[in-house]
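See below for the structure under consideration.
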């Protein structure tokens with residue numbers, strides 16, 4: 001998190017941008033366009049976010065999120081339903097006292113776990129969805145820098161997880177968004 005914000009405020013801002021992209025997709029043909037993630041369409045970007053986080057949350061806290069329609073039927077409603085549930089969870093004062101337990105990350109306060117794992121994922125995939133659907137691709141440079149600073153020391157671990165592709169070479173003087181995208185295996189060109 002940056003700017004002295006809560007996990008709820010951070011999610012509201014980042015998910016709000018992603019939601020704006022989702023709701024601006026004009027038609028099914030656009031949902032089926034290829035994304036920068038190999039073998040994923042724009043719809044698959046939303047599918048990834050809607051499908052992985054609820055299980056992670058339930059497995060670590062026992063809490064469940066509302067389930068919307070299938071992403072294939074209505075990606076907008078699927079995203080909104082799940083995302084609104086995440087926001088409600090973060091806005092609930094009881095969440096501050098909840099711990100997420102996971103064999104890979106240990107015990108983490110729930111708001112911190114959402115911020116580190118899900119909100120960060122939504123932020124990175126915002127670029128993927130924007131690129132796939134021909135929308136504005138600019139990301140907050142301060143958030144790009146903070147995320148890059150947090151990820152670089154974990155390079156080996158992140159690559160071995162299979163969640164990130166090989167780092168893409170970019171010029172040393174590239175802007176921070178380009179460097180962050182290259183670090184996670186995206187070719188920003």
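Among the residues of this structure, residue 96 counts as one that is modelled with pLDDT under 95 and either in contact with a helix residue (DSSP H, G or I) (Cβ under 7 Å, 6 or more places away or on another chain) or surrounded by fewer than 16 Cβ atoms within 10 Å (Cβ to Cβ) (or both).
In this structure, is residue 76 surrounded by 13 or more Cβ atoms within 10 Å (Cβ to Cβ) and over 19 Å from residue 109 (Cβ atoms)? Show your work before the answer.
Details: surrounded by 13 or more Cβ atoms within 10 Å (Cβ to Cβ): yes; over 19 Å from residue 109 (Cβ atoms): yes.
Yes.
Please work out which residue is surrounded by the fewest Cβ atoms within 10 Å (Cβ to Cβ), limiting yourself to the range 79-92 and to residues that are free of Cβ contacts under 8 Å to residues at least 60 places away in the same chain and in a helix (DSSP H, G or I). Step through it out loud before you land on a result.
Applying the first criterion (free of Cβ contacts under 8 Å to residues at least 60 places away in the same chain) to the range 79-92 yields 81-82, 84-85, 88-89, 92.
From the residues that got through so far, the ones that are in a helix (DSSP H, G or I) too are 81-82, 84-85, 88-89.
Values: 81: 16, 82: 22, 84: 15, 85: 19, 88: 13, 89: 22.
Looking at the filtered set, the residue picked out is 88.
Pairs linking a residue in the range 4-29 that is touching a residue at least 60 places away in the same chain (Cβ under 8 Å) to a residue that is outside any helix (DSSP H, G or I), with Cβ atoms under 8 Å and 6 or more positions apart or on different chains, are 7/1; 10/1; 10/2; 21/135; 24/135.
All but one of (1) free of Cβ contacts under 8 Å to residues at least 60 places away in the same chain; (2) loosely packed, with under 14 Cβ neighbours inside 10 Å hold for residue 47; which doesn't? Failed condition: (2).
The values are calculated or read from the model by the stated rules, or taken from the named source; none is laboratory data. Predicted, not measured: the structure shown is a model, and the values here were computed from it. Using ideal geometry, Cβ is built from the backbone for each residue, glycine included, and neighbour counts are taken over all protein chains shown.
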